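Here is the structure we will look at, set down as structure tokens.
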Amino acid sequence: MVVKLYGQVTAACPQRVLLCLLEKKIEFEIVHIDLDTLEQKRPEHLLRQPFGQVPAIEDGDFKLFESRAIARYYATKYSDQGTNLLGKSLEHRAIVDQWADVEVGYFNVLVHPLVMNLVIKPRLGEECDAALVEELKVKLGVVLDIYDNQLASNRFLAGDEFTMADLTHMPAMGYLMRTDINRIVKDRANMNRWWEEVTARPAWKKLMKMAGF
Amino acid sequence: MVMKVYGDGMSACVARVLLCLHEKETEFELVPVDLFACHHKLPSFLSMNPFGQVPVLQDEDLTLFESRAITAYIAEKHKDKGTDLTRHADAKEAAIVKLWSEVESHHFNPAISAVIHHLIVVPLQGKTPDAAIVEENLEKLGKVLDVYEEKLGKTKYLAGDSYTLADLHHVPYTYYFMKTGHAGLVNDRPNVKAWWEDLCSRPAFLKVSPGLTVAPATN
């Protein structure tokens with residue numbers, strides 16, 4: 001049975017799940033939830049995701065929301081198929097989880113409001129908070145120095161192989177790299193090297209094509 | 001060799017790890033890190049966690065930071081003893097535990113930690129809390145607790161009928177929150193209140209809560 005993903009293919013959190021499904025070669029079907037018309041806040045969708053956000057999945061009788069929980073579920077369920085996203089030992093898995101958690105607490109917390117102000121607000125005709133953008137850039141620079149240092153001695157965030165730790169960053173990074181502040185990544189040699197390598201992966205290229213980017 | 005946790009029991013994120021260790025009946029050594037003297041920003045500490053925060057776990061040659069990655073590691077390593085914190089035997093139940101752990105991380109934690117920061121940490125730094133930020137985050141927290149109230153009307157704990165990491169991760173910040181003047185947000189929601197009282201009755205909680213000693217400013 002094919003996994004049904006409720007969401008919009010251009011949105012970062014659904015992309016996190018789609019990228020995982022593509023890396024794991026799992027078949028899926030996208031049921032479009034239109035964010036521009038706030039379809040995610042309507043009662044029908046709130047039954048799938050009580051916080052009124054995308055994505056949510058249905059896999060037969062099994063239902064799940066929170067993109068990172070969904071990605072981990074499929075990475076675990078299909079551990080023997082496609083890319084191994086969760087590490088080869090318990091200890092390696094813990095390092096993968098560590099850097100995936102860093103994405104939540106240090107990276108997304110800054111990149112999300114940056115993308116909101118630089119990409120989404122202009123699209124909706126709202127005013128961008130320029131002072132906030134400046135403040136966030138400074139903070140993000142400090143965080144990316146740590147990432148750059150990690151990537152100086154590691155090919156990927158959690159070691160020598162591409163894992164969930166890298167994957168989970170990619171959708172929001174994709175948005176960041178399409179803004180005019182992308183030098184914040186490009187000027188950091190190891191981060192730039194890492195980003196070019198992860199975006200050369202076939203799964204990412206397929207996702208970008210699906211999203212029309 | 002016994003696992004080492006670097007940190008101080010008063011830190012909510014350290015307490016999160018300590019709760020997990022007690023639930024899993026795992027011995028550990030707590031290595032004090034003087035947060036008020038900023039020892040967590042010294043190069044010797046940054047070599048363990050480049051983000052300069054507690055907790056850090058050392059288990060033989062593994063060094064780990066991020067409290068929720070640490071709890072996941074401990075729960076998996078010791079999955080055959082103590083409380084079953086991850087429902088590991090069933091992939092779907094395990095996924096639901098992860099789902100509600102993500103909810104804590106993305107929906108609950110940003111709101112509650114902002115309130116705790118302004119009502120407890122900021123006064124300790126001799127500054128004035130930003131009332132607007134507190135109000136805004138109390139409102140966000142209320143909406144999250146509305147979702148919890150409904151969920152906890154259907155299941156005893158967030159991810160089902162047994163206590164898991166999804167519940168545990170909430171405990172330290174909620175403990176501090178209940179000492180502020182806004183405990184009504186929990187107490188006025190009967191299912192959330194009952195759930196919270198249950199979490200506070202657990203032996204692991206009774207061992208860790210005495211360490212949660214930071215007091216809020218009266219407001």
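The values are calculated or read from the model by the stated rules, or taken from the named source; none is laboratory data. The shown structure was predicted, so the numbers you read here are calculated from the model rather than taken from an experiment. Every residue, glycine among them, receives a Cβ derived from its backbone with ideal geometry; neighbour counts consider all protein chains shown. Quick note on the areas: whole protein, heavy atoms, side chains included, nothing else; ligands and nucleic acids left out. Shrake-Rupley method; radii C 1.70, N 1.55, O 1.52, S 1.80 Å.
Peptide B:75-85 has a mean shielding of 1, counted as Cβ atoms of other protein chains within 10 Å of each residue's Cβ. A straight Cα-to-Cα reach below 12 Å connects A:Lys25 with the aspartates and glutamates A:Asp80, residues fewer than 8 places away in its own chain not being considered. Working value for the range B:3-77: equivalent-ellipsoid semi-axes of 20, 13, 10 Å, each the square root of 5 times a Cα gyration tensor eigenvalue, largest first. Taking a threshold of 21 Å on the Cα-Cα distance, which of the pairs B:Lys77/B:Lys151; A:Lys63/B:Lys156; A:Lys77/B:Lys143; A:Lys63/B:Lys151; A:Lys41/A:Lys209; B:Lys156/B:Lys193 fall above it? From the list (B:Lys77/B:Lys151; A:Lys63/B:Lys156; A:Lys77/B:Lys143; A:Lys63/B:Lys151; A:Lys41/A:Lys209; B:Lys156/B:Lys193), the Cα-Cα distance tops 21 Å for B:Lys77/B:Lys151; A:Lys77/B:Lys143; A:Lys41/A:Lys209. Sparsely packed loop sites in the range B:1-81 (the chymotrypsin sites (Phe, Trp or Tyr not before Pro) outside DSSP H, G, I, E and B with at most 13 other Cβ atoms within 10 Å) comprise B:Phe36.
Note: relative contact order over chain A, using C-alpha pairs below 8 Å and six or more positions apart, is 22 percent. Peptide A:142-155 is shielded by partner chain Cβ atoms: per residue, an average of 1 of them sit within 10 Å of its Cβ. Volume of the convex hull of the protein assembly as shown (Cα atoms only), normalised per residue: 148 Å³. Based on C-alpha pairs under 8 angstrom that are at least 6 apart in sequence, the range B:1-42 has a relative contact order of 49 percent.
Heavy-atom accessible surface of chain A, averaged per residue, reaches 45 Å², computed with a 1.4 Å probe. With the cut-off at 1.5 for a/c, could you classify chain B from its C-alpha gyration tensor as rounded, prolate or oblate? Oblate, since a/c reaches 1.5 and b/c is not below a/b. Work out the count of Lys pairs in the range A:88-204 where the Cα-Cα distance is under 23 Å, with the pair 8 or more places apart or on different chains. Lysine pairs meeting the criterion: 4.
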